[in-house]
Protein chains: 4
Amino acid sequence: MSAKKNFYSDNVSGAAPEILAALVATNAGDTTPYGADPATERLQARFGALFETEVEVFPVGTGTAANGLCTAIVSAPYGAVYVSDSAHVHDNECGGAEFWSGGNARTIPVPGSDGKMSAAELARMVDAALARPAEVPPRAVSITQGTEASTVYTLAEVRAIVEVARARRLWVHLDGARLANAVARLGSTPAEVTWKAGVDLLSFGATKNGALTADAIVFFNRELAQSMRYRRRRGGHLFSKMRFLSAQLEAYITDDLWLRNARHANLMARRVRDGLAAIPGVRFHGPTEINFILVVLPQPIWDGLVAEGYSFSRRGAPSEGIIRIVCAFDTTKEDVDELVATAKRCATALNANV
Amino acid sequence: MSAKKNFYSDNVSGAAPEILAALVATNAGDTTPYGADPATERLQARFGALFETEVEVFPVGTGTAANGLCTAIVSAPYGAVYVSDSAHVHDNECGGAEFWSGGNARTIPVPGSDGKMSAAELARMVDAALARPAEVPPRAVSITQGTEASTVYTLAEVRAIVEVARARRLWVHLDGARLANAVARLGSTPAEVTWKAGVDLLSFGATKNGALTADAIVFFNRELAQSMRYRRRRGGHLFSKMRFLSAQLEAYITDDLWLRNARHANLMARRVRDGLAAIPGVRFHGPTEINFILVVLPQPIWDGLVAEGYSFSRRGAPSEGIIRIVCAFDTTKEDVDELVATAKRCATALNANV
Amino acid sequence: MSAKKNFYSDNVSGAAPEILAALVATNAGDTTPYGADPATERLQARFGALFETEVEVFPVGTGTAANGLCTAIVSAPYGAVYVSDSAHVHDNECGGAEFWSGGNARTIPVPGSDGKMSAAELARMVDAALARPAEVPPRAVSITQGTEASTVYTLAEVRAIVEVARARRLWVHLDGARLANAVARLGSTPAEVTWKAGVDLLSFGATKNGALTADAIVFFNRELAQSMRYRRRRGGHLFSKMRFLSAQLEAYITDDLWLRNARHANLMARRVRDGLAAIPGVRFHGPTEINFILVVLPQPIWDGLVAEGYSFSRRGAPSEGIIRIVCAFDTTKEDVDELVATAKRCATALNANV
Amino acid sequence: MSAKKNFYSDNVSGAAPEILAALVATNAGDTTPYGADPATERLQARFGALFETEVEVFPVGTGTAANGLCTAIVSAPYGAVYVSDSAHVHDNECGGAEFWSGGNARTIPVPGSDGKMSAAELARMVDAALARPAEVPPRAVSITQGTEASTVYTLAEVRAIVEVARARRLWVHLDGARLANAVARLGSTPAEVTWKAGVDLLSFGATKNGALTADAIVFFNRELAQSMRYRRRRGGHLFSKMRFLSAQLEAYITDDLWLRNARHANLMARRVRDGLAAIPGVRFHGPTEINFILVVLPQPIWDGLVAEGYSFSRRGAPSEGIIRIVCAFDTTKEDVDELVATAKRCATALNANV
């Protein structure tokens, strides 16, 4: 088989074999629909064990749905949710927060650096809003862990934000589309990264890290879950054959598959970075703490890679020339080495041409 | 393997083997995410061929999402959607129409019989609403084909409704969660049942008839599709690994699988009805034109079947005692015969007891 | 001055002189805008005294806004509000409940008679909904007092509904667009008609009974008011020159103006009814307990009155021929006697023609 | 009468005598409710004459309602409305755009200077959004004329923005809460400032400039008005006694009252500025083109004025110390001179103290 050349997103990959196998295995026999099946019922205990506390877990089809539902819940009856200025829920969900909340939520970007919001800036902005009755009232903060900038919040950073939030009676949501990569990076337990740090509810991502079409919402603060079963149904995420989502999620957390996949993807991103770092003219845009790198490549290297069939996505304004290279659970060392070698060849040709 | 005893819903079944195989086959290799993959791109032509006209097709995860999106679109900028008084979109989606439209849509039940709205009553109600400026303005009609009462609208009945709608400038939506069963019953072409009869857009169901987690929206009136790509994304139904939905839908319509499955399920329902009809005291509630029967069973038969592990759902008010028995693509003759035989045994025991 | 001939609605009248005078008087001098003015601040105590309990009162511009805001609040986070099947909030506000709640509320009509919902039917419908997870969850009941059928709920009837509501944890809203007429009719105190009977929050109407453009929301359950200040502002009902609304409301409840106006209007409606009752062929549609009558007039009488310049509104289906004749605070005995005399003349002419 | 000391807002004033008189005059007699009265019907022609073109005009109670309704309409079916970064609709309406659109609209602030958005920045931002399918799709631009920074867009500046908008198929809304002040300043006709410059629809403010409680929406592009009558009703801004709003608006534009009032207020603001400019340490924050000034006062002057009973509002972050001093139609030369003299006394005392 030829090397992987599609580094556009973690989503270009199919499903992990363990998860596909679980899906196939769950097909046999009849079950009660709409989530009253054994696989879904098992999830409660399985996620409880994973997070070392009692939780309520609701499978949904996409991360956008998970974020939208969480945003609608934490902004109720209505209000503002503060997010980092590169947050997916603000920039990449086409107004999902407004939609899921029926116009009740507004997402407000908080400046920061390396994709992380600044707790001090959060405090300043929330306080200013609280002082003005004409402002959308602050209700919640949403932290993206790991971030869209390939960084992770340290536990101290999360706690600093939670402290700001708690003092102002804001709920704390964690957008964990890449939670596995963040947990793997931090070396902390899932509990430490979430409820022990003060997180109330979590968008638990699986699709980017080996599932087919399954993410979940995990409530640590179970009072917030009261309206979920209705909201999920009307939003079209109560799948009649729910077992097919639950089976994916169960396999995903079994035998640490989620962390093994994430560790591997993180490692591969590190390997890409280390490989490219040796090439003159390559400039990295921020750290690489999880499974992708942001990098500015000399034009001929970019041209050469594209000519070879490689595919990446762009980030930021076109003039910045930032490229995102994403590794997934199924990216191999050979894939990475081939990518780096190709880039080097393009660089050499470049220098030879000079 | 023991006989199927779960007749609660078509959704208790897993996936058809052809569809599961297609899902597994699509797993290999990388693709562009968010629907720019080959499987999704093929769908346009495949559905165009199926319906003998150019269409736009959008896979979504559930029928509730399909109905919600369609309702939001046809009610825009806002207004009323007239539905039959047993319509799923009104009764079973927890306010999905209001949700997807951001409070812009209201569903209004139109009386009728056998699960079908009356065209005359529709005309009367819409005209009354048009005469009153304080009413939610009528915008669309939504026809459920096949109905929640195991009936199908004849083409003439659909055309009568469409005529009422067109004369009042209403859009026409078809909720086809069980379209396959209706097409199979009618013996007409998919085109005849939809756009040739005046349907503008369609919720195309697959999950109830052999898919895992895939339905679709099909636009015959392609102008109505303009906002879809945004609406679907914000609603969390633009799956990043869309190919897994598209592969299901492609397999579903390949080699007439959808119609073969539906014909079989319809036939099995007929067989249940014929079998139960011979039992004294069994009363049917309306016709059985598609894949389920509505029936009132003498209490001892119900008790006996439940004691044997059978499972059904109830319909209507508890006092009516109506039971729904649903057959699926994978219900076998043996399953049906075993069900009927068990019911007869219970009936005999009953008579013996008298 | 010639007699009043416009009996179309209570809204055809201008403002009561006391209210207009208060409006003019409040014009002098500067005040803090957006409700921090003395007139608005006084309202809290004035309404507290009127209702013999601590309340929160919020002036708004229209009854539709009052109902919409109340519905949004009692349905939060979202759910169904049960109303009588002739309720203004369901039929006459163009989808106001859905709008104000951002798609979170659905109004569900409960059958009854004489414009009043049946407590037993309410219980049955709510229980049925609670038993079905796919239903919009019941959250509140909204009682119209006096009704659109010129009736009032007795205190016992209100309490019966409240009992059903409380047992199912529903909030109780009173739509009091014609509260004054109902209180005048019942001869009870405002407290007895509202919070003492279990009402949580009230749309307090003034415009139909002598104000220019002012209604209010009164919270007996003050926890429900928490989101009001934000909701009212975003809904465009936080008037910058709020004093002009507050001055109307203050004058309205001063020296029992509201009850005097209502008693008079009720009396005039009674006088119309008594006068028309003597005319052969005149059929009343239900009782006349407040300030309007519903009546079927022989066609020649209707024609004659219209020819004379009289104006009424129609109710129900055109085939029913029901006419509404509304008296207002400024309808005089002479106006009524002239109306009745004209009708009699038309009737005589009719009989003479036979 | 003592001098006016409340410079907090234009809204602290009552109504202009001409407008109050018109309100009182309209009280006599009965009219058809809900806007079918003569005063409201006259408005169409009166506004048509004012703007020298056929328009549709809809009175509403507040500017927030006008902006909310306009935003909902121009964003339909849904999308982004670009506004200046100090726009009232974004910052001061508590999420009104999201509310009125049912979650369909997002307002996006565009940087600029002196309260005006930059056409170049607008083009850049809209183009970036159009290039990303995950973004809320751009639908409209909303220009505030005059601005929250006491400036006005020149006609050339408006046209530059319109050009950017038209090239990208965006609607153009004008928030004219202070349109009168802007027109007075520009010395152009109302037509030139609006539709001749490419404006599709207008929030026409009156309350800040002499009305009690009336603003209006004016449609130049009358196709956009199609859903207005429904939207206004459900939003609670179809006043039953509409004549009381229409009478205000009619008086407002009669005999150039609106421009006379605005010219006077602008002039008084100029007089305040000129007066304060002579005081050492006073720093102006931007130009004073309409009826208020933004200024940083030495602390003792601020303290002294407050001690004398003066009242202003603050703008920007507390650390900036910016004060807004607003003149209204009823601010007199004497009021201004007294204010300036008092400030000077405080300044002298200050210097004396040093």
GNM flexibility winner over chain A from A:GLY146, A:GLY176, A:GLY14 (Cα, springs under 10 Å):
A:GLY14
Tilt relative to chain D, helix D:63-75 - C-alpha long axis, 0 to 90 degrees, to 10
40
Across segment D:221-227, in residue order, what do the Karplus-derived ³J(HN,Hα) couplings come to in whole Hz, using 6.51 cos²θ - 1.76 cosθ + 1.60 with θ = phi - 60° and x for Gly and Pro?
8, 6, 4, 5, 7, 3, 8
Give me the dipole magnitude in Debye, nearest 20, for segment B:1-127 about the Cα centre, with unit charges on the beta carbon: positive for Lys and Arg, negative for Asp and Glu.
300
Which residues' amide hydrogens lie under 5 Å from the amide hydrogen of C:VAL110, considering only partners 5 or more residues apart or on another chain, with H built in the peptide plane?
C:VAL83, C:SER84, C:ASP85
Any idea what the B:PRO17 label distances to the other copies are, label 7 Å down the Cα→Cβ vector, nm, shortest first?
2.4, 9.3, 9.5
Along Cα→Cβ at 7 Å, what distances in nm separate the C:GLU41 label point from those on the other copies, shortest first?
4.6, 6.2, 6.9
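Once the cut-off is 18 Å, how many percent of the Cα-Cα pairs in segment B:252-296 end up in the long-distance tail?
35
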Chain B: which residue's Cβ hugs the B-to-C rotation axis most tightly, distance rounded to whole Å?
B:GLY103, 2
Can you give the accessible area buried between chains C and D, summed over both chains, with a 1.4 Å probe, in Å² to the nearest 100?
4000
For chain D, with the dipole built from +1 on Lys and Arg beta-carbon atoms and -1 on Asp and Glu ones, taken about the Cα centre, which of D:SER150, D:VAL306, D:PRO38 lies farthest toward the positive end?
D:SER150
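For segment B:198-354, with every protein chain kept in place, what is the accessible area per residue (1.4 Å probe, Å²)?
Working: 5570 Å² over 157 residues.
Dividing the accessible area of segment B:198-354 by its residue count gives 35 Å².
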If I take the Cα coordinates of segment B:1-144 and project them onto the principal axes, what are the three extents in Å, biggest first?
58, 43, 30
As an exercise, find the ratio Rg/Rh for chain A from alpha-carbon atoms, using the Kirkwood inverse-distance average for Rh.
0.99
Any idea what the A:ARG283 label distances to the other copies are, label 7 Å down the Cα→Cβ vector, nm, shortest first?
3.5, 8.3, 8.8
Kirkwood hydrodynamic radius over Cα pairs of segment C:226-354, then Stokes diffusion coefficient at 4 °C and 1.567 mPa s, in µm²/s:
76
Positive end of the dipole of chain D, charges at C-beta (+1 Lys, Arg; -1 Asp, Glu), about the Cα centre: which of D:GLY61, D:PHE220, D:ALA131 has its Cα farthest in that direction?
D:ALA131
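Please report, in debye to the nearest 20, how large the charge dipole of segment B:197-297 is about its Cα centre when each Lys and Arg carries +1 at its beta carbon and each Asp and Glu carries -1 there.
Roughly 400 debye for segment B:197-297.
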Number of Lys-Lys pairs in chain D under 28 Å by Cα, sequence gap 8 or more or different chains?
12
Between the helical axis of D:257-277 and the dominant principal axis of chain D, each derived from Cα atoms, what acute angle in degrees is found, rounded to the nearest 10?
30
For chain A, set up a Gaussian network in which alpha carbons nearer than 10 Å are linked by springs, and say which option among A:ALA140, A:ALA184, A:ALA156 fluctuates the most.
A:ALA156
Rank these residues by their accessible area, most exposed first, probe 1.4 Å: B:ARG42, D:ARG139.
B:ARG42, D:ARG139
Enumerate the calculated ³J(HN,Hα) couplings along segment B:131-145 in order (Karplus 6.51 cos²θ - 1.76 cosθ + 1.60, θ = phi - 60°), each rounded to whole Hz, writing x wherever the residue is Gly or Pro.
7, 10, x, 8, 7, 4, x, x, 10, 7, 10, 10, 9, 9, 9
Taking Cα atoms, how many degrees apart are the long axis of helix B:333-353 and the longest axis of chain B, rounded to 10 and kept between 0 and 90?
50
Nearest-20 debye value, segment B:253-354 charge dipole, Cβ charges on Lys, Arg, Asp, Glu:
300
If I take R0 = 35 Å and measure r between the Cβ atoms of C:ASP127 and A:GLU223 in this structure, what FRET efficiency does the formula 1/(1 + (r/R0)^6) give, to the nearest 0.05?
0.90
Positive dipole terminus of segment D:70-187, leading residue within D:ILE161, D:ALA184, D:ASN104 (C-beta point charges)
D:ILE161
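Tell me which GluC sites (Glu not before Pro) from segment C:26-76 have a DSSP coil assignment and no more than 16 other beta carbons within 10 Å of their own.
Numbers: sites: C:GLU41, C:GLU52, C:GLU54, C:GLU56; in loops: C:GLU52, C:GLU54.
Taking segment C:26-76 and a limit of 16 other Cβ atoms within 10 Å, the loop GluC sites (Glu not before Pro) found are C:GLU52, C:GLU54.
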Which number do you get for Rg(Cα) / (2.2 N^0.38 Å) in the protein assembly as shown?
0.97
Dimensionless Rg over Rh [segment A:87-195; C-alpha; Kirkwood]
0.96
Counting only other chains, and only Cβ atoms inside 10 Å, what mean value do you get across the residues of A:32-42?
2
C-alpha center-to-center spacing [segment D:160-232, segment D:297-317] in angstrom
34
Value at 222 nm in deg cm²/dmol, rounded to 500, when DSSP H runs of n ≥ 4 in chain D each add -39,500 (n - 2.57)
-13000 deg cm²/dmol
If r is the Cβ-Cβ distance from A:LYS344 to B:ARG168 and R0 is 41 Å, what FRET efficiency results, to the nearest 0.05?
0.05
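The values are calculated or read from the model by the stated rules, or taken from the named source; none is laboratory data. Since the model is a prediction, treat every value here as computed from it, not as a measurement. Counting neighbours? That spans all protein chains shown, and the Cβs are built from the backbone with ideal geometry, glycine included. Quick note on the areas: whole protein, heavy atoms, side chains included, nothing else; ligands and nucleic acids left out. Shrake-Rupley method; radii C 1.70, N 1.55, O 1.52, S 1.80 Å.
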